[in-house]
1. Relative to a virtual label point 7 Å from the Cα of residue 280 in the Cα→beta-carbon direction, which members of the range 225-254 show backbone nitrogen distances below 17 Å?
2. If R0 is 30 Å, what FRET efficiency do you get for residue 215 and residue 321 from their C-beta distance, rounded to 0.05?
3. Can you tell me the order of 314-324, 62-72 when each peptide is scored by its average per-residue count of other Cβ atoms within 10 angstrom, highest first?
4. For a quick check, take a GNM of the chain with Cα springs below 10 Å and name the residue from 249, 59, 225 with the largest mean-square fluctuation.
5. Considering only DSSP beta bridges where both residues belong to the chain, give the percentage that are antiparallel (nearest 5).
6. Hey, rough spin-label estimate for residue 194 and residue 257, points 7 angstrom out along Cα→Cβ, what's it come to in nanometres?
7. Mind checking which of 199, 106, 138 has the largest fluctuation in a GNM of the chain, springs on alpha carbons under 10 Å?
8. Would you calculate the separation in nanometres between label points at residue 330 and residue 181, each defined as 7 Å from the Cα along the Cα-to-beta-carbon direction?
């Protein structure tokens, strides 16, 4: 199991020169999205460590989610206040209610007035009824942190990574600034939405990183997601990161031989072959099947998505640990 797949690949029929890929850490704002369960948060943490190792100050912004980034980075629990999670890396789990209140304080200027307005149960009920407002509160707060400056005039954060919601919800969140521009009258809300959308549309300043797994359903959703981001939203997708790639144990001929007897894949096969010589063959057949599915999914992703790709290894003992995240960061 010491072998590992190449950490980068050429996605698309024409091939892509890996020496001339867009430099991710040069962007000010990156959305990290993909189907639920593909390892978006792990990849966001690994990217942050990789950027920090290159001297960048990085903020990871999560969207009111069940927080597990702290376990991945080895930091204290991460709540709705920004904390330093690692050297050069800060993190926050954005609460939409708190983000709206902070936004109100900036607009109204007087904190006591803002709290009276935004803590009213009637106001809260109204805000919950406005479509897209919670999504904009989180997205807008993440974008706002790209505008913050230190006393010396430098950026507080060089890169903001938004650990975006899973596929469908993530797409809806990305649409919100454009919806605000269509319906909001002139004012502070429209002004900020215009500034945020201008950044998101500028591939030199922002873009999307799509995370997937070499499995059938994630691969299918990823093809659709990339098409939607490019076609509907017209945003730049800078990378496809294929997470959890197994190092192949078998060649094509070996896989074919192991899979000749499909009974080896039956759910009862491991128990029936237990404590016999056949058990190793059954285990090999099941691993060969997983490798075959992975191989076909990688081919499909390469064929259907014209995009720079990076593969990350499947971690057996270090998954979702600081050591594993550092290992992935080194690959990135």
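1. Residues passing the 17 Å test: 249-251, 254.
2. 0.85
3. Numbers: 314-324: 14.2, 62-72: 18.3.
Per-residue Cβ counts within 10 Å, averaged per peptide and sorted highest first, yield 62-72, 314-324.
4. Top of the fluctuation ranking is 249.
5. Numbers: 6 of 35 bridges.
Here the share of antiparallel DSSP bridges comes out near 15 percent.
6. Simple spin-label model gives 6.9 nm for this pair.
7. 106
8. Label-label distance for residue 330 and residue 181, simple model: 4.3 nm.
Laboratory data are not the source of any read-out in this text; all were calculated from the coordinates shown. The model shown is predicted, which means the values in this text are computed figures rather than measured ones. Reconstructed Cβ throughout: ideal geometry from the backbone, glycine too, with neighbour counts over all protein chains shown.
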